[in-house]
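First comes the structure, then the notes that go with it.
No value in this document is a laboratory result; all are computed from the given coordinates. Bear in mind that the values here come from a model prediction, so they are computed numbers and not experimental data. FYI the Cβ positions are ideal-geometry reconstructions off the backbone, even for glycines, and counts take in every protein chain you see.
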2 protein chains.
Amino acid sequence: SMSLTEAPARPAAHDIDRTAIDTIRTLAIDAVEKADSGHAGAPMAMAPVGYTLWQRFLRYDPDDPSFPNRDRFVLSAGHGSMLLYALIHLAGVKATDGAAKPLDRPSITLEDIKNFRQLGSPTAGHPEYGHAAGIETTTGPLGQGAGNSVGMAMASRWLAARYGEGLFDFNVYALCSDGDMMEGVSSEAASLAGHLRLSNLCWLWDDNTVTIEGHTELAFDEDVAERFRGYGWSTLVVDDANDCEALARAFETFAITNDRPTLIVVKSVIGYGSPHKQGTSKAHSDALGAEEVRLTKEAYGWPPEAQFLVPDGVHQALGEPMRARAKTLRAAWEAARATLKRDKPELDAELGLMAARHLPADWDKHLPRFDADAKGLATREASGKALNAIAKAVPWMIGGAADLAPSTKTLIDGADSLEAFSPGGRNLHFGIREHAMGAIANGLALSGLRPFVATFLIFSDYMRPPTRLAALMRQPVVYVFTHDSIGLGQDGPTHQPIEQLAALRAIPGFCVIRPCDANETVEAWRVAAERADGPTALILSRQAVPTLDRSRYASAEGLRRGGYVLAGEGEPTPDVILIATGAEIGLCVAAAETLEGEGIKTRVVSLPSFDLFEAQDLGYRHSVLPPAVKARVAVEAAAALGWDRYAGPEGEIIAMRSFGSSAPAKDLMQHFGFTAEAVVAAARRQCHRQ
Amino acid sequence: SMSLTEAPARPAAHDIDRTAIDTIRTLAIDAVEKADSGHAGAPMAMAPVGYTLWQRFLRYDPDDPSFPNRDRFVLSAGHGSMLLYALIHLAGVKATDGAAKPLDRPSITLEDIKNFRQLGSPTAGHPEYGHAAGIETTTGPLGQGAGNSVGMAMASRWLAARYGEGLFDFNVYALCSDGDMMEGVSSEAASLAGHLRLSNLCWLWDDNTVTIEGHTELAFDEDVAERFRGYGWSTLVVDDANDCEALARAFETFAITNDRPTLIVVKSVIGYGSPHKQGTSKAHSDALGAEEVRLTKEAYGWPPEAQFLVPDGVHQALGEPMRARAKTLRAAWEAARATLKRDKPELDAELGLMAARHLPADWDKHLPRFDADAKGLATREASGKALNAIAKAVPWMIGGAADLAPSTKTLIDGADSLEAFSPGGRNLHFGIREHAMGAIANGLALSGLRPFVATFLIFSDYMRPPTRLAALMRQPVVYVFTHDSIGLGQDGPTHQPIEQLAALRAIPGFCVIRPCDANETVEAWRVAAERADGPTALILSRQAVPTLDRSRYASAEGLRRGGYVLAGEGEPTPDVILIATGAEIGLCVAAAETLEGEGIKTRVVSLPSFDLFEAQDLGYRHSVLPPAVKARVAVEAAAALGWDRYAGPEGEIIAMRSFGSSAPAKDLMQHFGFTAEAVVAAARRQCHRQ
């Protein structure tokens, strides 16, 4: 068998590169073998691509992985996580502390790689943001990383426009699999990237012609490059993933392309080097098996028995050129930052706040208060005013809608649109592309901005995967979801959300708030803005709802606790409790007046956020919903799932038990039983039964 | 002002066509005006397209709208519903009964059009399948109709392959808006349509350069035609939507294109004819207003005061050519059917069963039974065997996965792949395109087939919009969702479903079943197969679960009722009830043994389907979960949302309170508290507390 010393002769200058590339490959092989789980096929194929990019092009400081102007490398093909872990390890990327400051230890050690896919190891099955420095985003669900990369490239442009190109001009590279090319989210994101002429964005498509079910000919034979040219991208082809010079030429072409994004099609062989599996779907996942590992290492000219071998010089071969470039990059950055601090100290301070994820002092000083008003206004309208008040104080808050800004009330007054010719605009036009909107928002948030995105609540279904990832990554994205129930009226059941509230509430770490009136909406925005470590969805009405008289009812500040006694606080043991969210609070308030008139002691509980409420201590929760009071009516024009917790086994839940219908809102509310009279009747039944 | 009689002179032969087209426009205008809600802009623009297609090309019998070989017209731009309603009305499409037989009354009357968007009217805001004959699918959420159309075109090919091209060769036309072109789902579907060379599929893109936020230049300037050529489509351009002859030439070109789908780009003016709004986003939605209505009608040369006017001859102009074509079409069909009945009576009988949505007698005779086995097998494995047993008996059951067939166990043994060169194949390869998969499945089901689709449960998030529409349309799509919890192990939190179960359970009319072992899985498939009027999701484990000894435990047939007493039925008032679904039943069974050993009378309830259980009468539900027994432990490795209903306020819920992690399944189960010991401890606490 061959060993390293017996490897075929090749130009000496390239030996160490070849060795480094094979180190990545064998680390992936060994890690998957040891875990008996994972995907070595993609790292084996794409090791030269990752290595060439990192070693020769990526502007990245392994000694300061949080350097703000670093190029971003996104492994959209997250199943190839070992490629990223190997690169992080070999480049000697340092770990960081909670404030993103570098620590004097490696982000990923060889020991971590040996613990690939084990409990508590940073080397999870797919790259998990926050587990190790060098992981720019959580990937695995296909298409998401590609979408994130568009957001990051937009952020680079936006930051440059606001703070100066001397400070921000980073490039974003995303390594994509066939699956990334097939998923609709990346199609949407690519179309928008072309529209915005993001020439700082480069996607590398690992064109290996193999998917899990077999050859891509089974389902995927489109001309991807032609499609991307249709999107307005530049397309390049590298015929052999092992041809590092061809790869380098492609990266150089990308670097000088200044009017459009670049797709580099890299033809590769999945599981490269494995004599019996390379180029087949068997190389996609699972351990190769001991014998095939041996044969593969032999094919590389690698010591076949060596495990997790990192030959001398490999760390240096990757890390030193990166550090050399970083030195220049950092010097330029620091000079530019010093100039900014001198010339525009307020912008310098802004950058500091943004980096710390803090809000400016007095960020909430413009927040509106709304006077009591029986006619009231739609919570989407109140939201528009609150959003604008915050946007005025937080310049790095940007966002927009999936072609529904006029309806969702999410335009920042007086701000420019973000377009190719105005990359510093704050009003984003995502087009009718909800899924990409969610993925792009994650990319913006990961770049330090405070993004908001908007659509109708029903279309939250189109963007669940990135919504979930925002929660998993704890990114402060704000979702403005309007038209929140059958109350939207005549557009009918395809547009009337039923199950969407429950579906969002079920996501761990995801804050869902459905405010009941204009002032609760302002408080909801306050919560969302202050929440630096996780996403928040605001669920808002299309229709007007009364603005409650807060001198008569409890303060809207109660919203912060998720649920609070809105009316009837004085009575510790009411006859009945009415519980609702959003527009249905109006029904409960009206019903309570009738019931009180009948001598029935009635408490009204506003419960805008299940998760904020559950975060309160038991004492508080019991003070709002005394366990002894079993007579309860819960009202929400949405699926009942989840409401038993608050209604209790003896309570009554007035909810949607079917899809909606197309009719004026008033007729629908009557038809589906959302009236004050129905609440009164249910409350009477409850009191009678007790 | 101009009136009809004063209209400019034009070739007499065309007068009635122009009048009919303007009738569609004015009906849309009047309906939106009367409802004070809706979208007239698209019908005003696309009336000539709809009219030319229906009048001159669509092979459709207004007297028998369920004719199996009819061409399908899908209004993917569902907000333009008035275009479809006007065409249905003017063509004189007949209503149908529950068995799809034509009735002697119109599907949509002028009165119905006057009741546009009113409660109980078939003319809902967006076209609702089942509300009126002539509506082939429910549309409105953008991209869905486009996706459905691909499924229908596949069905046409599949039916032809199985039953003969003399019986089936229908074309499918989908009218698409800018939004349909932007949504990722249609990108996915178009790519697959190109791959399958569906030359019977024609998309019409209403290229009006206007979206809700303004000009498409804000967010959408890709070269759509180039993109579609990348997908392998033929692309044609019609420069003026009013040029009926150019449209006709395009349809003729489509008709003779036999190797790829066709995209016809139709340049149009939204709100055509409205002097102050046409060509702007103001024409997209909402009533024009009385004065603008008058001016628009004048521009058409229409009596400005006339409301809902259908001039003489218009019904005939549209309906008569359609009926004439239908006569030929029907004669050919009936001859072919007679031949089939004579030569292949079993295929003729099959068509009858399919049309009635019945299963063959003895369809379940091959269903497996599994012997008790402590080691057991994964429910996905059992599912694969059940699926194959049913597929053997139901030839029109076809399906596949989003590139996960080997993992989801959804290959039909011995069947061909469905490919361009084998359109009668039964194993579908959707590629990594979950969203299109869902939309295509709806199209297949709407064409009479019994489709199943498969992916990991986590990726159900990628396909929620069509999943919901299957429920709304009551289509019998079966979703095989495997890898159903942290039990999938090392792929980590991006792949471990948490909230997906609750999110699916919350959809009205959607049957969700998470079977606990191999025999429950068979019963779950039985329910899914028998359910002709709605979708079913099977939630299946990656990991092996014990096959219960049904001589010791209750029969798996209990699954049909959603929940049943698995163990401890003999004791009407147990000390504690353990409730679980899926793999977690194994923990409860083990825990019950320990608890019984301690003298604690323990009932184990298997609750595979909330919705099937809720459909049972109260008596049965109380017999399973006696209200008097408050000591309860519910166990499910998923979000807790919804479980309070069964655990009760005093019970304990062992569920996931966070995202998962990457580690071997055994370690994760331990880490997150899913062990028999944890269940025992919780049960003891419950008994102690009572």
**Message:** Net charge around B:Pro122, counting only other residues with Cβ within less than 9 Å of its Cβ (Lys, Arg = +1; Asp, Glu = -1)?
**Reply:** -2
**Message:** Nearest 10 degrees is fine. How inclined is helix A:12-35 to the longest principal axis of chain A, computing both from alpha carbons?
**Reply:** 50
**Asked** Near B:Trp54, within a Cβ-to-Cβ distance under 14 Å, what is the net charge of the other residues, with Lys and Arg +1 and Asp and Glu -1?
**Response** +1
**Message:** What FRET efficiency comes out for A:Arg561 versus A:Leu347 if R0 is 45 angstrom and r is the Cβ-Cβ distance? Round to the nearest 0.05.
**Reply:** 0.75
**Item:** Residue-averaged beta-carbon neighbours from other chains (10 angstrom radius) around A:400-407
**Value:** 5
**Complete:** Out of B:Ser541, B:Thr23, A:Ala42 - ranked by how far each Cα lies towards the positive end of the dipole of the protein assembly as shown, with unit charges on the beta-carbon of charged residues - the top one is B:Ser541
**Simple Cβ-charge dipole of chain B, Lys/Arg +1 and Asp/Glu -1, about Cα centre, in debye nearest 20** = 1480
**GluC sites (Glu not before Pro) within region A:439-542: DSSP coil, no more than 14 neighbouring Cβ in 10 Å** = none
**Request:** Would you grab the residues whose amide H sits under 5 Å from the one on B:Ala537? Only those 5+ places off in sequence or on another chain, please, with H modelled 1.01 Å from N.
**Result:** B:Tyr479, B:Cys511, B:Val512, B:Ile513
**Request:** Work from the charge dipole of region A:555-649 (Cβ charges, +1 for Lys and Arg, -1 for Asp and Glu, about the Cα centre) and give the residue of A:Ala637, A:Ala590, A:Val624 farthest towards its positive end.
**Result:** A:Val624
**Prompt:** In whole Å, what three semi-axes, largest first, describe the equivalent ellipsoid of region A:40-94 built from its Cα gyration tensor (square root of 5 times each eigenvalue)?
**Reply:** 19, 11, 10
**Request:** Using a 10 Å cut-off on Cβ atoms, rank the peptides A:258-267, A:95-104, B:451-460 from the highest mean neighbour count down.
**Result:** B:451-460, A:258-267, A:95-104
**Prompt:** Against the longest alpha carbon principal axis of chain B, how many degrees, from 0 to 90 and to the nearest 10, is the axis of helix B:379-393 turned?
**Reply:** 50
**Asked** What is the calculated FRET efficiency for B:Arg357 to B:Ala306, with r their C-beta to C-beta distance and R₀ = 45 Å, to the nearest 0.05?
**Response** 0.55
**Asked** Could you list log10 I(q)/I(0) for region A:303-345 at q = 0.20, 0.27 Å⁻¹, which the Debye formula gives when each Cα is one point scatterer?
**Response** -0.72, -0.88
**Message:** Sort B:Lys392, A:Lys375 by Cβ crowding within 10 Å, fewest neighbours at the top.
**Reply:** A:Lys375, B:Lys392
**Asked** How large is Rg over Rh for the protein assembly as shown, taking Rg from the Cα atoms and Rh as the Kirkwood inverse mean of 1/r across Cα pairs?
**Response** 0.96
**Item:** Using a Förster distance of 35 Å, the FRET efficiency for B:Gln670-A:Asp617 (Cβ separation, nearest 0.05)
**Value:** 0.75
**Filter on B:Lys365/B:Lys385; A:Lys409/B:Lys282; A:Lys375/B:Lys114; A:Lys101/A:Lys341; B:Lys344/B:Lys385 - keep pairs with C-alpha separation over 19 Å** = A:Lys375/B:Lys114; A:Lys101/A:Lys341; B:Lys344/B:Lys385
**Asked** Which value, in debye to the nearest 20, describes the size of the charge dipole of the protein assembly as shown about its Cα centre when Lys and Arg Cβ atoms bear +1, Asp and Glu Cβ atoms bear -1, and nothing else is charged?
**Response** 1480
**Asked** In debye, nearest 20: dipole of region B:480-591 around its Cα centre with unit charges on the Cβ of K, R (+) and D, E (-)?
**Response** 220
**Message:** Once you place label points 7 Å from the Cα toward the Cβ at A:Asp97 and A:Arg552, how far apart are they in nm?
**Reply:** 5.5
**Prompt:** Averaged over B:425-435, how many beta carbons belonging to a partner chain fall within 10 Å of each residue's beta carbon?
**Reply:** 6
**Asked** Can you sort A:His276, A:His39, B:His688 so the residue with the fewest Cβ neighbours within 10 Å comes first?
**Response** B:His688, A:His276, A:His39
**Asked** How much net charge surrounds B:Ser234 when only other residues with a Cβ under 12 Å from its Cβ are counted (Lys, Arg +1; Asp, Glu -1)?
**Response** +2
**Fill in**
Partner shielding of B:184-195, taken as the mean number of other chain Cβ atoms within 10 Å, equals 6
**Item:** Distribution of pairwise C-alpha distances over chain B, 20 Å bins, in %
**Value:** 18, 44, 28, 9, 1
**Fill in**
If one compares the long axis through the Cα atoms of helix A:41-56 with the longest principal axis of the Cα atoms of chain A, the angle in degrees, nearest 10, works out at 80
